[in-house]
Amino acid sequence: MSPVQSFSMYTQPLAMKPAPVDPMRSSVVHLLSRAQGLPCSTAAQSYMQLIPATSRFSLALDVLFPLLDAPVELSQRILASYILYALYAPHPIAINPFHSALVYTFVKEKELAARFAADGETSPSEQLVWVLWKILRGDGSDIGPFSPSNLAQSPVPPKLRAANLSLREDSPERERPRFDPFGEESIADGADAYRTPARSIPSTPLVDGDAPRDFEAERLSQGMALFLAARGRVLTLSEQRILGPLIPQLTSTPLITSHDLPPLIAHNPTLAHPILVALLAQPTVDTYLDVLRHLPPTLPTFDLLGRLLHDSTVVPDPATGGHTTITDLVRSEVLGWFLHEAIQWLERAEEEERAGVISDDRFAKGVQNLCRFYNSLIKFNLVDLGSDADTAEMKHFTLRNARMEEANALYRLLAMNAF
């Protein structure tokens, strides 16, 4: 009998009459329906705040546990897995009362993924297998900053596919912590309902050569987690050093989508540069060029564009089918469009400022930074001052904002070179 089946024995109703509505259960169901876009750690904390400590295990058993094997959205299964882990995160995963069920789900989904792979297809639950692998190897905290929907939608690199993940038993049996769900050391009130021995489901057998494969998979998994984190915060220098060498592997698959790039650029423009260089060499280059065209006129954006406009890396030319450089590609396919969109962005910011919708200085700072960026383009001969096509829109913009020092100076420079 599987852990899922053994748990279910204790959750079947004893009578057919309608059960009264349980407000705590309803709160958990409501939380699960609204938490798909929240970080997993936030959803887990909300669960613990909603439910008294004495009821957390029973409600997790009643509401969260069935989701592990339920035909629901992948993001819900991921969130349920994370909360089951997070409830006992201060303790080793081996003594989590849901450990065996998590292992069972991992093994079952891995076997399912193997059948998909044999048919040349990808299992729809690859992301769940990766999340369970992280949790069961003791790295569940790496999942916390990411939302279930992001985790469910992020493609998994080939080396982190289910077939390449295993649960290694590195420490000797006598040294591993044991958990007797019927003993005095139970870590959960009501854990006596858990009747499946934690070691009843064996992990995937190990073969010679697993250690290097596991090391590489774990290294790539760490890089994937750092990339996801880079969309929400500035990575430390040590984290950037770890992620840097893994960029070729992360960009060789559609792991990084166009939706990931704006937040990545906003927080880590230095890291975004080599990632964009790798992406601009791919057949889907137009998608990434379009992201660059619509970036907001902020310092991280100007930092990234400045780096790309000085990058001589050779990449395929989508227009001719030949080859070009990153500099020429960005100059011809991005720069003019970006300047047009940046001016429109600033005009909208000015309107919102006048209407009292915003009270910060994004408009003034934006004008200042855009003018300085354009001056640097002139300095490096990236715009033709004698061409109306290159300068007309910027000339009009700087004249209209000539009350600002940087705009006034740039307008005079453009006006003088117009004759």
Scan S27, S41 and give me the residue that is modelled with pLDDT of 85 or more, part of a helix (DSSP H, G or I), surrounded by 13 or more Cβ atoms within 10 Å (Cβ to Cβ) and not aromatic (F, W, Y). S41
If I ask for residues that are surrounded by fewer than 20 Cβ atoms within 10 Å (Cβ to Cβ) and either touching a Gly at 6+ places or on another chain (Cβ under 9 Å) or part of a helix (DSSP H, G or I) (or both), which ones from the range 316-327 would you list? P316, T327
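Could you check how many residues of the range 35-78 are of a type in the set (V, I, T) and touching a helix residue (DSSP H, G or I) at 6+ places or on another chain (Cβ under 7 Å)?
Quick first cut of the range 35-78, residues of a type in the set (V, I, T) only: 42, 51, 54, 63, 72, 78.
If we keep only those that are touching a helix residue (DSSP H, G or I) at 6+ places or on another chain (Cβ under 7 Å) as well, we get 51, 63, 78.
Of the residues in that region, 3 qualify.
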Lone unmet requirement of (1) polar (S, T, N, Q); (2) surrounded by 14 or more Cβ atoms within 10 Å (Cβ to Cβ); (3) closer than 26 Å to L308 by Cβ for N408: (3)
Test for E121: is it out of contact with any Phe, Trp or Tyr (no Cβ under 9 Å at 6 or more places or on another chain), over 23 Å from F57 (Cβ atoms) and acidic (D, E): yes
Condition test on G144, is it modelled with pLDDT of 85 or more, touching a Pro at 6+ places or on another chain (Cβ under 9 Å) and surrounded by fewer than 16 Cβ atoms within 10 Å (Cβ to Cβ)? no
Residues in the range 65-86: is at least one surrounded by fewer than 23 Cβ atoms within 10 Å (Cβ to Cβ), touching a His at 6+ places or on another chain (Cβ under 7 Å) and assigned to a helix (DSSP H, G or I)? no
Can you confirm whether the range 302-311 contains a residue that is acidic (D, E), closer than 19 Å to A266 by Cβ and under 31 Å from the mean Cα position of the chain (by Cα)? yes
Go through (1) farther than 25 Å from S149 by Cβ; (2) in contact with an Asp or Glu (Cβ under 9 Å, 6 or more places away or on another chain); (3) of a type in the set (S, T, N, Q) and name the single condition S100 misses. (2)
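Could you check the range 45-64 and list, in sequence order, the residues that are part of a helix (DSSP H, G or I) and crowded, with 19+ Cβ neighbours inside 10 Å? First the steps, then the outcome.
Step one: of the range 45-64, the residues part of a helix (DSSP H, G or I) are 45-50, 53-64.
If the condition is that a residue be part of a helix (DSSP H, G or I) and crowded, with 19+ Cβ neighbours inside 10 Å, then Y47, R56, F57, S58, L59, A60, L61, V63, L64 are the ones that fit.
Among the residues of the range 87-103, which ones are farther than 15 Å from A43 by Cα, in a loop (DSSP other than H, G, I, E, B) and open to solvent by 20 Å² or more (accessible area, probe 1.4 Å)? Steps first, answer last, please.
Here is the first cut: in the range 87-103, the residues farther than 15 Å from A43 by Cα are 90-103.
Narrowing the set further to residues that are in a loop (DSSP other than H, G, I, E, B) leaves 90-92, 96-98.
Once the filter is applied, which keeps residues that are farther than 15 Å from A43 by Cα, in a loop (DSSP other than H, G, I, E, B) and open to solvent by 20 Å² or more (accessible area, probe 1.4 Å), the range 87-103 yields P90, H91, P92.
Inspect all residues belonging to the range 295-313 and state whether any of them is under 27 Å from F363 (Cβ atoms), of a type in the set (S, T, N, Q) and in a loop (DSSP other than H, G, I, E, B). So that I can check it myself, show each step before the final result.
Restricting attention to the range 295-313, the residues satisfying the condition of being under 27 Å from F363 (Cβ atoms) are 295-309.
Subset that is of a type in the set (S, T, N, Q): 298, 301.
Next, only the ones that are in a loop (DSSP other than H, G, I, E, B) stay: 298.
Checked the range 295-313: at least one residue is under 27 Å from F363 (Cβ atoms), of a type in the set (S, T, N, Q) and in a loop (DSSP other than H, G, I, E, B).
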With the first residue restricted to the range 224-244 and required to be without any contact (Cβ under 8 Å) to a residue 40 or more places away in the chain, and the second required to be among the β-branched types (V, I, T), Cβ contacts under 7 Å at 6 or more apart or on different chains are L226/I242
Hey, R115 hits all of (1) within 22 Å of the chain's Cα centre (by Cα); (2) of a type in the set (D, E, K, R); (3) open to solvent by 30 Å² or more (accessible area, probe 1.4 Å) but one; which does it fall short on? (1)
Among (1) open to solvent by 30 Å² or more (accessible area, probe 1.4 Å); (2) in contact (Cβ under 8 Å) with a residue 40 or more places away in the chain; (3) among the hydroxyl-bearing types (S, T, Y) - the single one T122 does not satisfy: (2)
If a residue has to be open to solvent by less than 80 Å² (accessible area, probe 1.4 Å) and either outside any helix (DSSP H, G or I) or at pLDDT below 70 (or both) to count, how many in the range 219-249 make the cut? 4
May I ask you to list the residues in the range 282-315 that are surrounded by 16 or more Cβ atoms within 10 Å (Cβ to Cβ) and in contact with a strand residue (DSSP E or B) (Cβ under 8 Å, 6 or more places away or on another chain)? V285, D311, V315
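Just one of V357, V330 is within 38 Å of the chain's Cα centre (by Cα), of a type in the set (A, V, I, L, M) and open to solvent by 80 Å² or more (accessible area, probe 1.4 Å); which is it?
Numbers: V330 fails: open to solvent by 80 Å² or more (accessible area, probe 1.4 Å).
Answer to the selection: V357.
The values are calculated or read from the model by the stated rules, or taken from the named source; none is laboratory data. Since we're looking at a predicted model, the values are computed, not measured. Because the Cβ atoms are built from the backbone with ideal geometry, glycine has one as well, and the counts that use them run over all protein chains shown. Side chains are part of the model used for accessible areas, which takes the heavy atoms of the whole protein and leaves out ligands, DNA and RNA. Shrake-Rupley method; radii C 1.70, N 1.55, O 1.52, S 1.80 Å.
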